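Q: Got a structure for you, questions after.
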Amino acid sequence: MELAKLIAAATLAISPVASQAETLTARTFSSIEGFFLNEGAEVEVLEDNVGDPQLEVDYYGSEFTVFYYGCDNGTDCDSIQFYSGYAMGGSVRLKTLNTYNAEKRWVRAYVAEDGAVK
């Protein structure tokens, strides 16, 4: 019984904090941009070849791009994609990449035309 009271008290104590959290959405670039700016990242807002927003982010030394898709005049975007590439110290076996891709739901790795693993 005491454990149940402790859990209930802890839940009530953190509820106001959790309800104040900001929801990030892909509807406009400013939601994601604001998040990273508040985290101290450098963010450059660009426009891709079809007019959708694109963010170039430098987050404490990790550089990546946020692509927006299905936008209507730069807003009301349907989805986003985080893209980042990393230099490998050597070659990676195709079997390793296939296993990685089979086990990961939200990320993928592949070999580019120039042989680089991305």
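The values are calculated or read from the model by the stated rules, or taken from the named source; none is laboratory data. In this text the structure is predicted, and so the values were computed from the model without any measurement. Here Cβ is always computed from backbone atoms with ideal geometry, including for glycine, and neighbour counts include all displayed protein chains. The accessibility values were calculated without ligands, DNA or RNA, using every heavy atom of the protein model including side chains. Shrake-Rupley method; radii C 1.70, N 1.55, O 1.52, S 1.80 Å.
Q: Quick check: is even one residue across the stretch 83-104 without any contact (Cβ under 8 Å) to a residue 60 or more places away in the chain, of a type in the set (A, V, I, L, M, F, W, C) and assigned to a strand (DSSP E or B)?
A: No.
Q: Only one of these conditions is not met by Tyr83: (1) within 27 Å of Leu24 (Cα to Cα); (2) modelled with pLDDT of 85 or more; (3) of a type in the set (Ser, Thr, Tyr); (4) open to solvent by less than 70 Å² (accessible area, probe 1.4 Å). Which number is it?
A: (4) is the only condition that Tyr83 fails.
Q: Still on this structure, I have one more. Just to verify a result, which residue in the stretch 86-98, among those that are open to solvent by 50 Å² or more (accessible area, probe 1.4 Å) and among the hydrophobic types (A, V, I, L, M, F, W, C), is nearest to Ser30 (Cα to Cα)?
A: Out of the qualifying residues, it is Ala87.
Q: Test of understanding: among Val45, Val57, Val66, which residue is free of Cβ contacts under 8 Å to residues at least 24 places away in the same chain and surrounded by 15 or more Cβ atoms within 10 Å (Cβ to Cβ)?
A: Val57
Q: Still on this structure, I have one more. Does the stretch 27-42 hold any residues that are in contact with a strand residue (DSSP E or B) (Cβ under 8 Å, 6 or more places away or on another chain), surrounded by 13 or more Cβ atoms within 10 Å (Cβ to Cβ) and touching a residue at least 12 places away in the same chain (Cβ under 8 Å), and which are they?
A: Arg27, Thr28, Phe29, Ile32, Glu33, Phe36, Ala41
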